[in-house]
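This report concerns only the one structure given below.
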């Protein structure tokens, strides 16, 4: 019997550690909270790396803008707790101003070498013209910086030499990458049982979702669409990914 591709890479190795790199708090929950919960339930150790604090987000004019970073960090940690994720890291880049840079690639490479994941979850560096809201400029930059950190940076001991020389972080090769919001997804995860956790994680981002009276119906509609595209039975819900090997 072939190994379960949800828990095994294409080379047959089992997933023990997964690292998700995202531009903003709540990105991972909109795109993959159900899958994250399923990985955690299966014993996978999941870590989050949020590149920004989401300081350009929020809808309440009565909340001082200076408070937004700490609010959104707290919300992401609460959302992670709903799913069973305790390792939540923030890089502190400015929301809305993200660009691929040597410094950002280095900072993501640092986290990769610290966590040493068997698989990574990232945002798509390709614009999705069918779902333009998924292709926020920060998402595109986060996806491009992350894939550059995965290959070639993190695996190359001669890239970002300070990581090894000053911090003792050995090179690490990530064998497989799962991409959210890809224009061409090719793997669909049944999250029907995990759907309540996905909704609860999104509700933890109150500064972003409290005004959405139709949040659950909206998410259910998207997940139904992906389930249909993935050929799942009627009534099932799914999240969609592009799976890429890095060998």
>> If I go through the range 215-247 residue by residue, how many of them are touching a helix residue (DSSP H, G or I) at 6+ places or on another chain (Cβ under 9 Å) and in a loop (DSSP other than H, G, I, E, B)?
In response: 7
>> Suppose we filter 77, 106, 119, 110 for residues that are at pLDDT 95 or above and touching a helix residue (DSSP H, G or I) at 6+ places or on another chain (Cβ under 6 Å); which single one remains?
In response: 110
> On the given criteria, is residue 200 in contact with a helix residue (DSSP H, G or I) (Cβ under 9 Å, 6 or more places away or on another chain), outside any loop (DSSP other than H, G, I, E, B) and surrounded by fewer than 19 Cβ atoms within 10 Å (Cβ to Cβ)?
Replying inline: yes
> Does any residue of the range 165-187 turn out to be out of contact with any strand residue (DSSP E or B) (no Cβ under 6 Å at 6 or more places or on another chain) and outside any loop (DSSP other than H, G, I, E, B)?
Replying inline: yes
> So is residue 129 assigned to a strand (DSSP E or B), out of contact with any helix residue (DSSP H, G or I) (no Cβ under 7 Å at 6 or more places or on another chain) and either more than 22 Å from residue 34 (Cα to Cα) or modelled with pLDDT of 95 or more (or both) or not?
Replying inline: no
> touching a strand residue (DSSP E or B) at 6+ places or on another chain (Cβ under 9 Å), surrounded by fewer than 15 Cβ atoms within 10 Å (Cβ to Cβ) and touching a residue at least 40 places away in the same chain (Cβ under 8 Å), is that true of residue 235?
Replying inline: no
>> For the range 198-245, give me the residue count where each residue is under 18 Å from the mean Cα position of the chain (by Cα) and under 21 Å from residue 5 (Cβ atoms).
In response: 11
>> in contact with a helix residue (DSSP H, G or I) (Cβ under 8 Å, 6 or more places away or on another chain), over 27 Å from residue 230 (Cβ atoms) and modelled with pLDDT of 95 or more: is that true of residue 157 in this structure?
In response: yes
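The values are calculated or read from the model by the stated rules, or taken from the named source; none is laboratory data. Note that the coordinates shown come from a computational prediction; the quantities given were computed from them, not determined experimentally. Cβ atoms come from the backbone with ideal geometry, glycine included; neighbour counts cover every protein chain shown.
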